[in-house]
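Take a look at the structure below.
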């Protein structure tokens, strides 16, 4: 697996063009489980009372939040968003290890960055994604 395949698979699993946002909203609209909190019940009632335009806006906001979360994690893996301070900061390394033991770095120091590839795959579609390896 190279970094393009990794980001494409991650996009499908953790973002999927708004599917994840829809899943989140469905869970908020119809909370399940034992002992659903009063807060979750109130949020479900609030969502049920929204008109279609308002519901669409809420879905857009949730979708943007999901996108920002995945983008942020990838920016950390790329080393462009810090999780450590200054001189003590290390480098995060992400690799795919195949069943035969072959290791492929997914966030090397050169080439397209994971967060940029995610923007291509999530916003512009697979067909227009750059080939970064």
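Only the coordinates and a few stated rules stand behind these numbers; no lab work does. The model shown is predicted, which means the values in this text are computed figures rather than measured ones. Counting neighbours? That spans all protein chains shown, and the Cβs are built from the backbone with ideal geometry, glycine included.
Structural remarks
- For the peptides 112-122, 39-49, 92-102, 17-27, residues were scored by their other Cβ atoms within 10 Å and the scores averaged per peptide; the highest-first order is 112-122, 17-27, 39-49, 92-102.
- Taking only the Cα atoms of the stretch 46-117, the ratio Rg/Rh comes out at 1.21, with Rh defined as the Kirkwood radius.
- For the stretch 3-128, the relative contact order works out to 31 percent when only alpha carbon pairs closer than 8 Å and six or more residues apart are counted.
- Placing dummy labels 7 Å off each Cα toward the beta-carbon, the span from residue 48 to residue 110 is 5.9 nm.
- Per-selection Rg to Rh, the stretch 3-128 - Cα, Kirkwood hydrodynamic radius: 1.09
- Across the stretch 53-113, the mean sequence separation of Cα contacts (distance under 8 Å, 6 or more residues apart), normalised by length, yields a relative contact order of 20 percent.
- Remark on the stretch 1-72: hydrodynamic radius 13.6 angstrom, per the Kirkwood mean of 1/r across alpha carbon pairs.
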